[in-house]
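See below for the structure under consideration.
Laboratory data are not the source of any read-out in this text; all were calculated from the coordinates shown. Remember, it's a predicted structure, so these values are computed and weren't measured experimentally. Note: ideal-geometry Cβ built from the backbone for every residue, glycine included; neighbour counts use all protein chains shown.
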Protein chains: 4
Amino acid sequence: MSRIPVAVVGATGLAGQQFLASLAGHPLFEIRKLAASSRSAGKKLADAVKDDKGASRWHCTEPMSDEHAAITVEDSAKMTTDGVRLVFSAVEADVARELEPRCAAAVPVISTASAFRYEPDVPVFLPGVNWDHAALIDIQRRRRGWKGFISPGPNCTTVGLAMTLKPLDVAFGVSRVIMTSMQALSGAGRSPGVSAMDILDNIIPYIPKEEEKVERETSKILGRLTGEEVAPAAIAVSCTCTRVNVLEGHTESVFVELKKQASLDEVKAAWRAFGSEMAGLELPSAPRHLITVNDDPFRPQVRLDRDAEGGMSTVVGRLRADPVLANGIKYLLVSHNTRMGAARGAILVAEYLTKKGYIK
Amino acid sequence: MSRIPVAVVGATGLAGQQFLASLAGHPLFEIRKLAASSRSAGKKLADAVKDDKGASRWHCTEPMSDEHAAITVEDSAKMTTDGVRLVFSAVEADVARELEPRCAAAVPVISTASAFRYEPDVPVFLPGVNWDHAALIDIQRRRRGWKGFISPGPNCTTVGLAMTLKPLDVAFGVSRVIMTSMQALSGAGRSPGVSAMDILDNIIPYIPKEEEKVERETSKILGRLTGEEVAPAAIAVSCTCTRVNVLEGHTESVFVELKKQASLDEVKAAWRAFGSEMAGLELPSAPRHLITVNDDPFRPQVRLDRDAEGGMSTVVGRLRADPVLANGIKYLLVSHNTRMGAARGAILVAEYLTKKGYIK
Amino acid sequence: MSRIPVAVVGATGLAGQQFLASLAGHPLFEIRKLAASSRSAGKKLADAVKDDKGASRWHCTEPMSDEHAAITVEDSAKMTTDGVRLVFSAVEADVARELEPRCAAAVPVISTASAFRYEPDVPVFLPGVNWDHAALIDIQRRRRGWKGFISPGPNCTTVGLAMTLKPLDVAFGVSRVIMTSMQALSGAGRSPGVSAMDILDNIIPYIPKEEEKVERETSKILGRLTGEEVAPAAIAVSCTCTRVNVLEGHTESVFVELKKQASLDEVKAAWRAFGSEMAGLELPSAPRHLITVNDDPFRPQVRLDRDAEGGMSTVVGRLRADPVLANGIKYLLVSHNTRMGAARGAILVAEYLTKKGYIK
Amino acid sequence: MSRIPVAVVGATGLAGQQFLASLAGHPLFEIRKLAASSRSAGKKLADAVKDDKGASRWHCTEPMSDEHAAITVEDSAKMTTDGVRLVFSAVEADVARELEPRCAAAVPVISTASAFRYEPDVPVFLPGVNWDHAALIDIQRRRRGWKGFISPGPNCTTVGLAMTLKPLDVAFGVSRVIMTSMQALSGAGRSPGVSAMDILDNIIPYIPKEEEKVERETSKILGRLTGEEVAPAAIAVSCTCTRVNVLEGHTESVFVELKKQASLDEVKAAWRAFGSEMAGLELPSAPRHLITVNDDPFRPQVRLDRDAEGGMSTVVGRLRADPVLANGIKYLLVSHNTRMGAARGAILVAEYLTKKGYIK
């Protein structure tokens, strides 16, 4: 079976590189085009990620594939979708606003950018959580007159929260959520990202726009498709988002009010069972368990748990009854912000949409 | 005016050293006795804090005072209160359980240990918050037949929380509190304390017994003296306590349900006015402001704010309305766990009790 | 072909766990016995690595193999070598002094302990560097009347230094070496290891006994077998060893005086060619390149390079002429202290000695 | 006595802020002018150090003085020296190349920039080490026809090295020096400085141009004034400079070949006596000891020792005989890169030159 030819735009940035690393040898997708800013255009990828002192700015653990290294990077402002049937977009929001519709006119665009997340005809897929929102794709195409569509992933901080809330909402109903995050450095990107002097022996208590994103996206992802739109879930969410001196992986401290009482064992059972129906789809990037429950009282620990199932499983622990909220529970979670929370999560969405015929 | 002669027990540990550093040149108290475990007994303090390789285990920023260095450390199991009129205790809880009553039979004991915090006739003073609990001292003396008394300070994590809740409770009423802490390494002590391999690029999501202490102590400190006991405040408190890679200073993310609505400006005004009546007492260790409100959206930052007013002021910031709780507000705070949260806070209590005649 | 049955002693410690992780599914060796201190004896391994709060103290990235988890740990003070034909020893030096000879009377002992490194009839193998020292094994057996023998590995800090010096010595002659190390936390073990408060925002400038070990072992490893002993190489080595806040991997800044002048290209060529003859031996744990030369001016970086070839390759970079020493060169190296520098390096030695018939 | 009116250029950057903090309340100098890039020009200093999100970019521990906060910042490209009699320059090298000569035509310029360090008629003062190079000032003025002069300080990494070598050179003669540095983050500035993702759990083994600077400046500072120039000292210096995850303070591992043998006690005595003649000058910023010798085997530690005497004393320790170099010794040093190594060191130079009449 021949692979689907794809483009990666924003290929030289941190998120773009993660697309490249995750797509090397991928059974369904084959990179045919790379695009980035005009500064990189015309260079082979291997050269485009070198800085002016000759130092490599390839940031993934996996080495760059030889095949990708030899591809000449195009200028994303001028690129066309000729010769590809899918675009993975890892550009910043302001670039995305112009670039993604241009591409989507012709082919599907799976994106990590936030530009279109909040438009009513745009689904924000979280694997296993809201596949049924795929019906929005047809609505989006029809309304906008596009052959393709735009499918942005959620903010990396939303991922673990919405993932762990979904099975609770299905089984017991969720009414209120209070969450404090301790987020990794990689969430801020690399140029320049967080200054080492700002975070050593410190915590940065504010990440602009992050809390609003998480509160809004969680409601949308957990919402129900009604008519031609997703009605946001009637769940009140309040967040405080902080940055800590951790390389990768977000930790979240979560307090949840359930609509009906559930024992801690029932909660764990709901989490453990969650997503088992995905196994039948045989999606290459899918973890065996979307949620991993760890009963060790000292887990989850972000350095030890972020890579669970290749960074695609959200690890929860320290589940306790909460004495303050009605039917309250509290727990901690760790999710990998640049795996399930970015490129690999987007690729998993693409795999699903391919199986379902939205990408072909 | 001559100074009150005091003993410091547990003098060689981290908390004990902080008593020593804070008492050097103190206008009210003069160290006459030091006690520690039998391993240190018989050595001069300067030698008692050296390890077997000759390396200093003096951990304070301030150098050891020459006067203190020359004092011969006694065995705390055998020490008497002869010649002192006050004992500062920095021993572990299990040692405190035997040692502190023995001393309190004769003289007041101001302690950082948790052993007696939860006994009904024992006040847990937080400066400026519950001075009126001092009436328990007389009850304690009478019930136990002691000349002295035991006055333990709160857990270091309770300090910033109860401090910032008190003015809210007075002005608006507090009904529910949800808090996630990001605590410093120094809270775990030093022998061995937290292993560097456990915390580098990591968060430890569990601190045994901490959450229970904070929940219980907050209610007691904010409680009202009724008859011969303190009735715990009717405030539901739920915590998740974590350890982060920060040297000193605890950061806490707090969500509060108020009994009546308050604007953010009213909340700030309540915090800013709090404790102003303490100024008249002229206590040497008292900060000008028990609470410092910082309006910079990127504050409080623990490395920058923990030393506010010598580590004696709790710094709050990022005050926002909370959409989940009734009349909800949310904020972050930084408080210094080994200054106001330990020895210096205890010394401030001793200063107050001296002014009020409980120590003489 | 059936695998050789082996024992791992010191199995629950950090180094012991690394033996377990590296031996899971090993083609030549099969663990039949585990031994540790009396505290662990009688428990299954899975339980022996839990602490009293139920938290796992398994510190490897790789999960514990189910097969190993079910083995009941024996008391190393009482264990026999019945049923095994090889012992991997990861105990502390003082335990090794009694245990290893007892085992070596019957079977070969491959050890990471320092106890016997400096005895004249004991080889300290560094893979690819001094296989010819294997002749000492027969001498050791004869002199001591043992069926087995003791083969300790070098100190983890010696490994990268001696590895990179060897090809220089062969090609150009080495006369003087000055080295400053920046060593990882894992080199200090875990119970308690380095305290987080001691190393955050800090460097510890002294590691007791480390410098003497490196200076002495480097000369022995690079020495020549003469008669019944190894004559230390006539290379003057001077070290300063420090500890930095890095999880794993030692960085070393090296200045070398060569006996004859060599261009930088000649030096790189010598490093790149080194160890190529090992390929023919097909040792399962051998890297393709014992030394990896990285020409990026910003490499080697310990976090990025420590895992080169599974932590079995020493990565060198920043090769420059040194203006101070005769025919001087200077460079930096990164080597993985708990892979090639400990258990995996020891296993590679065992693989070699098996191929050569010393272990059977 | 009235204070000398001064300007600080580059006032909003990290080094500039340190000038401001160190000059608040200074007995000899009074800030009358501040200049920075055109982006800051026209704003009061208090506003000029705020970023576009309203967050403060004041990075000093000391609060900004109210007096300084109210000064309106000028555009350094257009500023004149009207009304000031001294300029402290904290601009980057490329800006300095144009700005400093323009100012020096009228008044003395004391700078932390590297632009003029290597010109033959420009002294590079290190306090207490080469005051006699002041004769170059007259030569510089005459040759260039300036009323003022330019006096740049050394690179921060040179400071501790040259400081500790000077008394050795005077007493015993120094012929060869090999040094490996472990440098702090603050040496790289803050916009953007070192990325947190690059340094967490890592070491960066290369700091462009640093090694060349240290080698060259050390020879110049230790050189002898001969005729109209400084003849570089005949000392061969070889460095490897690395960056580690430390906030402030550079650690250096030094190996020295002396011209004649010296006992370790003689070396310590030379260090301890060094600079005692400066006491008579009563320079406000001078430390009591330019060099502090610490005999604890675990010192110097950068977090504990960088602030010795306000960051103005270089702390040495771990002095040992070196077996590789002739009459060799080896030691570690810690010096504060942004105190003696930058603004405060420059102010101390200005104090000296004022006492000696070069600034009036």
GluC sites (Glu not before Pro) in the stretch C:150-251 lying in a DSSP loop, each with at most 14 other Cβ atoms within 10 Å of its Cβ, come to C:Glu228
Sorted by Cβ neighbour density within 10 Å, fewest at the top, the residues A:Asp265, A:Asp305, C:Asp52:
C:Asp52, A:Asp265, A:Asp305
Just how far, in whole angstrom, is the stretch D:25-53 from the stretch A:1-64 if you go by their alpha carbon centroids?
44 Å
Per-peptide average of other Cβ atoms within 10 Å, ordering A:35-42, C:104-111 highest first:
C:104-111, A:35-42
Return the aspartates and glutamates within reach of C:Lys43: Cα separation strictly under 12 angstrom, same-chain partners fewer than 8 residues apart disregarded; answer none if there are no such residues.
C:Glu74, C:Asp75
Under a cut-off of 16 Å between alpha-carbon atoms, report the aspartates and glutamates in cross-link reach of D:Lys330, not counting same-chain residues fewer than 8 places apart.
C:Glu210, C:Glu211, C:Glu212, C:Glu215, D:Asp169, D:Glu252, D:Glu257, D:Asp265, D:Glu266, D:Asp295, D:Asp296, D:Asp322
Please compute the volume of the convex hull spanned by the alpha-carbon atoms of the stretch D:156-335 and report it per residue in Å³.
139 Å³
Search the structure for amide H atoms under 5 Å from the amide H of C:Glu30, placed 1.01 Å from N in the peptide plane, and list their residues when 5 or more places away or on another chain.
C:Ile4, C:Val6
Quick calc of log₁₀ I(q)/I(0), the protein assembly as shown, Debye, one scatterer on every Cα, no solvent, q values 0.05, 0.09 1/Å, result -0.42, -1.46
Work out the mean other chain Cβ neighbour count within 10 Å for the residues of C:323-333 and drop it here as an integer.
4
Enter the angle in degrees (range 0 to 90, nearest 10) between the Cα long axis of helix C:264-273 and the first principal axis of the Cα atoms of chain C, meaning the one along which they spread out most.
30 degrees
For A:His336, A:His59, order by how many other beta-carbon atoms lie within 10 Å, fewest first:
A:His59, A:His336
Taking 26 Å as the cut-off for C-alpha to C-alpha distance, list the pairs among B:Lys220/B:Lys356; D:Lys44/D:Lys360; C:Lys44/C:Lys78; A:Lys213/A:Lys355 that go past it.
D:Lys44/D:Lys360; A:Lys213/A:Lys355
Peptide B:246-254, shielding by other chains (average Cβ, 10 Å cutoff):
5
Calculate one ³J(HN,Hα) per residue across the stretch D:197-210 by plugging θ = phi - 60° into the Karplus curve 6.51 cos²θ - 1.76 cosθ + 1.60, and present them in order as whole Hz with x for glycine and proline.
5, 7, 10, 5, 6, 7, 9, 9, x, 8, 10, x, 6, 5
Along Cα-to-Cβ, 7 Å out, sits the label point; list in nm, shortest first, how far the one on C:Asp295 is from those in the other copies.
5.3, 5.6, 5.8
Of B:Leu99, B:Ser76, B:Leu86, which is farthest on the positive side of the dipole of the stretch B:75-125, counting Cα position, with +1 on Lys and Arg Cβ, -1 on Asp and Glu Cβ, and the Cα centre as origin?
B:Leu86
MRE, 222 nm, helices only [DSSP H, n ≥ 4, -39500 (n - 2.57), over chain C, to nearest 500]
-8000 deg cm²/dmol
Could you give, in nm with one decimal, how far B:Gly357 is from each other copy of that position, shortest first, with labels 7 Å out from Cα toward Cβ?
7.0, 9.1, 9.8
Note the per residue figure in Å³ for the convex hull of the C-alpha positions in the stretch C:50-96.
145 Å³
Given unit charges at Cβ for Lys, Arg (+) and Asp, Glu (-), the dipole magnitude of the stretch A:1-131 about its Cα centre in debye, nearest 20, is 160 debye
Averaged over its residues, how many other protein chain Cβ atoms are within 10 Å of peptide D:179-186's Cβ atoms?
5
Report the net charge of residues surrounding A:Ala55, where surrounding means a beta-carbon distance below 10 angstrom and charges are Lys +1, Arg +1, Asp -1, Glu -1.
+1
What is the fewest-to-most order of A:Lys33, C:Lys78 by other Cβ atoms lying within 10 Å of their Cβ?
C:Lys78, A:Lys33
Relative to the longest principal Cα axis of chain D, at what angle does helix D:343-355 sit, 0 to 90 degrees, rounded to 10?
80 degrees
Read phi for every residue in the stretch A:36-49 and hand back ³J(HN,Hα) as whole Hz from Karplus 6.51 cos²θ - 1.76 cosθ + 1.60, θ = phi - 60°, with x for Gly and Pro.
7, 5, 4, 4, 9, 4, x, 9, 5, 3, 4, 7, 5, 9
Cα-based equivalent ellipsoid of chain C: semi-axis lengths in Å, sorted from largest, via gyration tensor
33, 24, 18
Can you give me the long-range amide H partners of C:Arg224? Hydrogens built in the peptide plane at 1.01 Å from N, cutoff under 5 Å, separation of 5 or more residues or another chain.
C:Ala231, C:Ala233
Magnitude of the Cβ-charge dipole (Lys and Arg +1, Asp and Glu -1) of the protein assembly as shown about the Cα centre, nearest 20 debye, reported as 0 debye
I need the trypsin sites (Lys or Arg not before Pro) found in the stretch A:189-263, filtered to DSSP loop residues with at most 16 other beta carbons within 10 Å of theirs.
A:Lys209, A:Lys259, A:Lys260
Go through the stretch B:264-331 and name the GluC sites (Glu not before Pro) that are in a DSSP coil and have 14 or fewer other Cβ atoms within 10 Å of their Cβ.
B:Glu282
Going by the rotation axis that takes chain B to chain A, pick out the residue of B with the closest C-beta and quote the gap in whole Å.
B:Thr180, 2
How much of the pair distance distribution for the stretch C:18-81 lies past 15 Å, counting alpha-carbon pairs only, in percent?
53 percent
Report, for C:Ala106, each distance to the same residue's label point in the other copies, shortest first and in nm; define the point 7 Å along Cα→Cβ.
6.2, 7.4, 9.2
What are the ³J(HN,Hα) couplings of the stretch D:335-342, residue after residue, when phi is run through the Karplus curve with 6.51, -1.76, 1.60 and θ = phi - 60°? Round to Hz, x for glycine and proline.
9, 7, 5, 10, 9, 4, x, 8
For the stretch C:156-335, whose charge dipole is built from +1 on Lys and Arg Cβ atoms and -1 on Asp and Glu Cβ atoms, the candidate among C:Ala236, C:Ser181, C:Pro205 with its Cα farthest towards the positive end is C:Ala236
